[in-house]
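> The structure follows.
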Amino acid sequence: MRNVRKPSQLCQALSQRSSSSIVKVGSGSGCAGVVAAAERRLDRYQRKTGIVALQQQRDEAYRRPADAPVGGIPVDSEYIIFVIDTSGSMFQGPWQLVLRKVSETLKVYPKVKGIQVMNDMGDYMFSEYQGKWIPDSPARRGAIVKRLADWEPFSNSSPVEGIEAAIRRYHAGDKRISLYVFGDDFSSGSIQAVIDTVDALNRADGSGRRRVRIHTVGFPVQFIPGGIPVNAVRFAALMRKLAEDNNGSFVGLNSTRP
């Protein structure tokens, strides 16, 4: 660090300059006053720039990395797929909440390379994009939410077919994909059989990373006073295990209100 001269030293050094200098500085208290004022201005400047630098450091420290989790859910994928239970219990119950959760999910991915929407049977929301990716744009996102409002294809109240269809068709080693499963019920079949099938389809690479992240969201439609139906328990158990095994997160909602 450079040594800082006292005002009197600066005045003395300046007054020793040649008389041919362009800038002439007097000696004594007048010079000291000028230098002291300059030092005060420099001190204020250093404090100000120091505060700015500190604020910049704090901003860097608290800035969320692009691949950091949001609400505990990793959002590092470039492609997203929704598999949504369109059964009567969902459509006649928490459907407005489903619309809201789909919108919220889209918002945490400001820009992706592709989107797809299927129901729990593996039926496509937009048949023209069957087997393809829906290009991402504000207009497309708006069209998805608008179409979802009255989209009610047949459902057997089991997400298995949709999950398997999505992974079979879209998994790719060069793509980072997240699958979001929205539902309330697992009506029939073996939990372990589903886990084994998905494990075979969605194999991990050498680093342990799965081809497709599976995030699951449970809607408490089946909950009734005095107990919880078996199908709701089965659904929660299956979704939790699928999320755990496939680098995802399970979110169990505690209300059906939007």
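The values are calculated or read from the model by the stated rules, or taken from the named source; none is laboratory data. Here the structure is a predicted model, which means the values were calculated and not measured. Neighbour counts run over all protein chains shown; Cβ positions are idealised from the backbone, glycine included.
> Quick check, is Gly218 of a type outside the set (Ser, Thr, Tyr) and in contact with a strand residue (DSSP E or B) (Cβ under 6 Å, 6 or more places away or on another chain)?
Yes: the conditions hold for Gly218.
> Would you mind stating whether Leu106 is within 12 Å of Phe82 (Cβ to Cβ), in the same structural domain as Asp185 (by TED's automatic domain parsing) and among the aliphatic types (A, V, I, L, M)?
The answer is yes for Leu106.
> Would you say Arg176 is within 22 Å of Lys101 (Cβ to Cβ) and within 21 Å of the chain's Cα centre (by Cα)?
In short, yes.
> List every residue pair whose Cβ atoms lie under 8 Å apart, where the two residues are 6 or more positions apart in sequence or sit on different chains, the first residue falls within the range 225-239 and is within 14 Å of Ser89 (Cβ to Cβ), and the second residue, located anywhere, is among the charged types (D, E, K, R) and not in a strand (DSSP E or B).
Partner pairs satisfying both residue conditions: Asn231/Asp185; Ala232/Asp184; Ala232/Asp185; Phe235/Asp184; Phe235/Asp185.
> Which condition from (1) surrounded by fewer than 22 Cβ atoms within 10 Å (Cβ to Cβ); (2) of a type in the set (S, T, N, Q); (3) touching a residue at least 60 places away in the same chain (Cβ under 8 Å) is the one that Ser155 breaks?
(1)
> Something else: Taking into account only those residues within the range 77-133 that are part of a loop (DSSP other than H, G, I, E, B) and of a type in the set (Phe, Trp, Tyr), which is nearest to Lys146 (Cα to Cα)?
Residue satisfying both the conditions and the ranking: Phe126.
> Within the set of pairs 6 or more residues apart or between chains, which connect a residue that is modelled with pLDDT of 95 or more inside the range 109-127 to a residue that is among the acidic types (Asp, Glu) and not in a loop (DSSP other than H, G, I, E, B) with Cβ atoms less than 8 Å apart?
Asp120/Glu161; Met121/Glu161; Gly122/Glu161; Gly122/Glu164
> Give the range 147-179 a look and list any residue that's over 22 Å from Lys111 (Cα atoms) and part of a loop (DSSP other than H, G, I, E, B), or say none.
Ala149, Asp150, Trp151, Glu152, Pro153, Phe154, Ser155, Asn156, Ser157, Ser158, Pro159
> Shifting gears a bit: Kindly indicate whether any position in the range 100-109 is out of contact with any helix residue (DSSP H, G or I) (no Cβ under 9 Å at 6 or more places or on another chain) and aliphatic (A, V, I, L, M).
yes
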